[in-house]
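See structure below.
Derivation of every value follows stated rules applied to the coordinates shown; laboratory data play no part. What you see is a predicted model; the values in this text were computed from it and never measured. When we count neighbours, we look across all protein chains shown, and the Cβ atoms used for this are built from the backbone with ideal geometry, even at glycine.
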Amino acid sequence: MPRWIVYALVILAVASLLPFAFIARARGAKADRTRLRPIQNMGTQQKYLPQSENPLFADSRAMRPAVEGAVRRGTVIDDGAFARGRAADGQFVAEFPVAVNRALLLRGQERYNIYCSPCHGLTGAGDGLVSRRADALQEGTWVPPLTFHGDQVRGRPVGHIFNTITHGIRNMPAYGSQIDPDERWAIVAYVRALQRSQSATVTDVPPDLRAGLR
Amino acid sequence: MPTNNSETSRRFVFPKWSNLLRPALAVLMIGGPLYLTALAWYGGSPKTLDIGYAPVQPVPYSHALHAGKLGLDCRYCHSSVESAAFAAVPPTQTCMNCHAKVRANSEKLALVRESYATGMPIPWVKVHDLPDYVYFNHSAHVRRGVGCVECHGRVDRMEVVSQVETLSMAWCLDCHRNPTPRLRPPEFVTQMDWTPGEDPAALGQRLRQERNINPSTDCYTCHR
């Protein structure tokens, strides 16, 4: 056999492994380019999915923002204590307009830990990680949140806390659009629970559990 | 060149090694398709094409900082995940909840401020993009205790989010056929570093019975 054929075969054999080497490298690497879709199978269809683009509109949102005044399905249409935290005379309510039970508190704990704890901290002392970082940056724009356990917040009626969650205060943005009223009440209930827990005395502990305290 | 003009020397004779061409052709006819199949299988696999997709985002948002270091719950921003099929990318308002005050003049956040001022959306790039004929429902999974980390990986350690699982049909079916090792109590769904205190399979089995979790593998579960 002529030498050149042998060489060509060897080169061909080695070259045939190259695609595999490139693929193996691509497998381990990250890529910021659009993915290859060799077989489309109607994977991209002419329809609008949530948060997809529609070039017909100037802001290219396929999901149109609600027209002002539109009422979302499931919205509580109520201007009483439940939706506003205020009584008919405009004063903040001091009583919960919902039944406070274990389920509400657990719900409140979960929601509090999601939406509130970043700044207010898990115990409500105002030492959340976001607040601490904002403080550490020393930009001069950050007002640390009040602790829930001082007289100022402890003395507030529940309607006031509800109102603060809804509309915000100082640094704190309004969470009314992010958290539904029933969840806001659950959070208020949990804030009350936190306040009690942080100023608890040994008499608050059920007698049979006191032995477990150190 | 030989100088004698005999018949034999002028006739072309295949060299002896050319006898190898016939077995070589057979090898080519069998090996060629095999080679191409292997190449398509390996190169076209979702493991090659889908894992590792990490598009450049319009704003250099770091999940490692926000979800990792600052410990924000996934649901602070992706608030629709428990109630809707779609885990919505948050509106610019959510960014501004903090960034109206924190890093309010940062160069990196210029686009966020612009979006907030003009109302134009930030063109975030979707990383985990299922084909349009798949109807995946986030709330159905999250509320039954399939942790975010099972499909999205350790997002709390990602500066730039990349896809870590294939999200292929075979991968979906793996879990739909045997969900037990991937179940956790629903209160821990967003906790990236959660570990079961016991055998995950045993815990999953218990959760599955308690909550009556029987994922369907019928076509119409995902394709409608």
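For peptide A:60-73, compute the average count of partner chain beta-carbon atoms within 10 Å of each residue's beta-carbon.
Per residue, the number of nearby Cβ atoms from other chains is 1 on average.
Under the rule of -39500 (n - 2.57) per DSSP H run of 4 or more residues, summed and divided by the residues of chain B, what mean residue ellipticity at 222 nm is obtained, to the nearest 500 deg cm²/dmol?
The per-residue figure over chain B is -10500 deg cm²/dmol.
Report the dimensions of the protein assembly as shown along its three principal axes from the alpha-carbon atoms, largest first, rounded to Å.
126, 55, 45
Using the structure shown, select from A:47/B:101; B:69/B:101; B:69/B:108 the pairs with a Cα to Cα distance greater than 28 angstrom.
A:47/B:101
Assuming a ≥ b ≥ c are the square roots of the Cα gyration tensor eigenvalues, decide whether the stretch B:142-224 counts as rounded (a/c under 1.5), prolate (otherwise, with a/b larger than b/c) or oblate.
Oblate.
Hey, how many Å between the Cα centroid of the stretch B:28-106 and the Cα centroid of the stretch B:107-164?
Rounded to whole Å, the Cα centres lie 6 Å apart.
Less than 10 Å Cβ to Cβ from residue B:168, Lys/Arg counted +1 and Asp/Glu -1: what total charge do the surrounding residues give?
Once all neighbours under 10 Å are counted, the net charge is -2.
Can you return the aspartates and glutamates within cross-link range of residue B:126? Criterion is Cα-Cα under 16 Å, with same-chain partners fewer than 8 residues away left out.
Counting by Cα, and skipping residues close in sequence, residue B:126 has these aspartates and glutamates nearby: A:32, A:53, B:50, B:159, B:165.
Run the helix sum for chain A: -39,500 (n - 2.57) per DSSP H stretch of 4+ residues, divided by residue count, reported at 222 nm to the nearest 500 deg cm²/dmol.
-12000 deg cm²/dmol
Rank A:80, A:63, A:92 by how far each Cα sits towards the positive end of the charge dipole of the protein assembly as shown (+1 on Lys, Arg Cβ; -1 on Asp, Glu Cβ) and give me just the farthest.
A:63
What does the average come to when, for each residue of peptide A:29-35, you count the partner chain Cβ atoms lying within 10 Å of its Cβ?
Partner-chain Cβ atoms within 10 Å, mean over residues of A:29-35: 6.
Given the peptides A:33-46, B:142-155, arrange them by the average over their residues of other C-beta atoms within 10 Å, most packed first.
So the peptides A:33-46, B:142-155, ranked by packing, come out B:142-155, A:33-46.
Expressed in nm², what is the orientationally averaged projection area of the convex hull enclosing the Cα positions of the stretch A:15-116?
14.5
If the cut-off is a Cα-Cα distance under 17 Å, which lysines reach residue B:47, setting aside same-chain residues fewer than 8 apart in sequence?
A:30
When the chain is fully extended, how far beyond the present Cα-Cα distance does residue A:106 get from residue A:37, taking 0.36 nm per residue of separation?
20.3 nm
Just round it to a whole percent: the fraction of Cα-Cα distances in the stretch B:1-151 exceeding 28 Å.
Of all Cα-Cα distances in the stretch B:1-151, 52 percent exceed 28 Å.
For chain A, what percent of Cα pairs sit more than 21 Å apart?
72
Mind grabbing the base-10 log of I(q)/I(0) for the stretch A:92-197 at q = 0.09, 0.10, 0.21 Å⁻¹? Debye formula, identical points on the C-alpha positions, no solvent, two decimal places.
Relative scattering, expressed as log10 I(q)/I(0), comes to -0.21, -0.26, -1.15.
Going 7 Å from the Cα of residue B:191 in the Cα-to-Cβ direction, what parts of the stretch B:72-92 have a backbone nitrogen less than 14 Å from that spot?
B:73-74
Which ³J(HN,Hα) values, rounded to whole Hz and listed in residue order, are derived for the stretch B:94-105 from phi using the Karplus coefficients 6.51, -1.76 and 1.60 in 6.51 cos²θ - 1.76 cosθ + 1.60 with θ = phi - 60°, glycine and proline given as x?
3J(HN,Hα) across the stretch B:94-105, in whole Hz: 4, 4, 6, 3, 9, 7, 5, 10, 8, 6, 5, 10.
Can you compute the charge dipole magnitude of the stretch A:92-197 about its Cα centre, using +1 on each Lys and Arg Cβ and -1 on each Asp and Glu Cβ, nothing else charged? Give it in debye, rounded to the nearest 20.
180
Can you order the peptides B:208-215, B:13-20 by their average number of other Cβ atoms within 10 Å per residue, highest first?
B:208-215, B:13-20
Out of residues 5 or more away from residue A:63 or on other chains, whose amide H comes under 5 Å of its own, with H placed 1.01 Å from N in the peptide plane?
A:51, A:52
Enumerate by residue number the GluC sites (Glu not before Pro) in the stretch A:44-122 meeting two conditions: DSSP loop (anything except H, G, I, E, B), and at most 15 other Cβ atoms within 10 Å of the site's Cβ.
Taking the stretch A:44-122 and a limit of 15 other Cβ atoms within 10 Å, the loop GluC sites (Glu not before Pro) found are A:68, A:95.
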